[in-house]
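Here's the structure, in structure tokens; my notes come after.
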Amino acid sequence: MNNGTMRFTRRWSFHAGEGALVWQLVFPQTGEVVGQKLLRESRRSLFFSLDSATGRVLFDDLPLIGDDGSLNTPDGWYTGIETTAHHLVYCYCYQRESPEHLGLWAIDPGSGQVVWARRDVVFVANLEETFLVYTPSSFGGFPERHYLLLDPLAGSTVRTIGFDSMTANALRREMTPEEDRQGLLLPQFVSEGMVEETLALRRAGIDAPQHCECIVLGPLLVAARYEPSSVSGRWNTVLGVWFDAVRVYEEVMEKDGEKPCLNNFLIRDLSLYYIKEKEELISVSL
């Protein structure tokens, strides 16, 4: 943990724009935090990149653009972030009239430049040294998957697996979960039988742990409390940090929300990241 004098204080904040929804966050190995934001009224999906230490904006409002300068989807809406590797972030689109992903674009988080793109593949798993992907096709009206291993840095095919789904599934089982690979601690919704989390919340004076998400890390507790309004029936979400059961930081993440503000904070390295009122990303030193 950070032993400096600025513990439990806000390091920086980034506002994604009025009406934006900060939707995804990933952390490449080179020190950036890259996110996706959705602009619901205009149905646009855009990307941003920040220096994780200072919050300095490296790029913002980046659409996923094809080699010919056109958006990779008809309205630029159906895109997202798939994974990270080395210094790159990988984005995807969706197959037409399908929930399945399609395409892989390697983005430099420092500049927003597309390093390479493969419109023909669907991402399956990050195997560290290679990506497991497949090219979709059909035979006799039935879908088929032709599996490949790609070089994450170049996008080139390293190995062709073909239609051998048993080999592909065996490789997929070797995959490290994305949160573990990126070094993320994610909150858990507190339920019956979660003894450590329940005791930590009660030591902090929270007697209704069933209305909380939390992360417990030794003497450190980070918890989001979901408080229903007795008047409107809507929800307030309050984020708090306790050290040795003493509250050291607190902020309202969302007021008067239609539902609890779930899964909107995480810990990475010595920092807490959380999303306030859907539009603002905030980093706090731990």
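Is any residue of segment 270-286 close enough, with backbone N under 19 Å, to a label point placed 7 angstrom from the Cα of residue 40 along the Cα-Cβ axis, and if so, which? Inside the label zone: 275-281. Computed from backbone phi, the HN-Hα couplings of segment 141-149 come to x, 9, x, 10, 10, 9, 8, 9, 10 Hz, rounded to whole numbers (Karplus: 6.51 cos²θ - 1.76 cosθ + 1.60, θ = phi - 60°; Gly and Pro given as x). Let a ≥ b ≥ c be the square roots of the eigenvalues of the Cα gyration tensor of segment 177-286; is it rounded (a/c under 1.5), or, if not, prolate (a/b larger than b/c) or oblate? Since a/c reaches 1.5 but b/c is at least a/b, the shape of segment 177-286 is classed as oblate.
Distance from the C-alpha centroid of segment 148-222 to that of segment 16-31: 18 Å, rounded to the whole angstrom. Computed 3J(HN,Hα) for segment 216-233, one whole-Hz value per residue from the Karplus formula 6.51 cos²θ - 1.76 cosθ + 1.60 where θ = phi - 60°, is 10, 9, x, x, 9, 10, 10, 9, 9, 9, 9, 10, x, 7, 6, 8, 8, x, glycine and proline marked x.
For segment 182-284, the dipole from Cβ point charges (+1 on Lys and Arg, -1 on Asp and Glu) about the Cα centre works out to 60 debye, to the nearest 20. Between the residues 217, 132, 157, the greatest Cα displacement towards the positive end of the dipole of the chain, with unit charges on the Cβ of Lys, Arg, Asp and Glu, is found for 217. Where only DSSP H runs of four or more residues are counted, the chain gives -2000 deg cm²/dmol as its mean residue ellipticity at 222 nm, each run worth -39500 (n - 2.57). Between amide H atoms placed 1.01 Å from N, distances below 5 Å from residue 82 occur with 90, 91, 92, all of them 5 or more places distant or on a separate chain. Near residue 195: Cβ cut-off under 14 Å, other residues only, Lys/Arg at +1 and Asp/Glu at -1. The net charge is -1. Calculated from the structure, Rg and Dmax of the Cα atoms in Å equals which of (i) 21.2, 75; (ii) 22.4, 70; (iii) 20.8, 67? Recomputing Rg and Dmax of the Cα atoms in Å here gives the entry labelled (iii). Given charges of +1 on the Cβ of Lys and Arg and -1 on the Cβ of Asp and Glu, with all other atoms neutral, how large is the dipole of segment 1-177 about its Cα centre, in debye to the nearest 20? Its charge dipole is roughly 520 debye. Farthest towards the positive end of the charge dipole of the chain, among the residues 236, 122, 205, is the Cα of 205, using unit charges on the Cβ of Lys, Arg, Asp and Glu.
Stokes-Einstein at 37 °C, 0.692 mPa s, Kirkwood radius from Cα pairs: D for segment 86-239 in µm² s⁻¹? Translational diffusion coefficient: 171 µm²/s.
For segment 200-212, backbone phi angles converted through the Karplus equation (6.51, -1.76, 1.60; θ = phi - 60°) give residue-by-residue couplings of 4, 5, 5, 4, 7, x, 9, 8, 10, x, 5, 9, 9 Hz, Gly and Pro being listed as x.
Coordinate-derived values only; no laboratory data. Computed from a predicted model, the values in this text were never measured in an experiment. Here the Cβ is made from the backbone with ideal geometry for all residues, glycine too, and neighbour counts use every protein chain on show.
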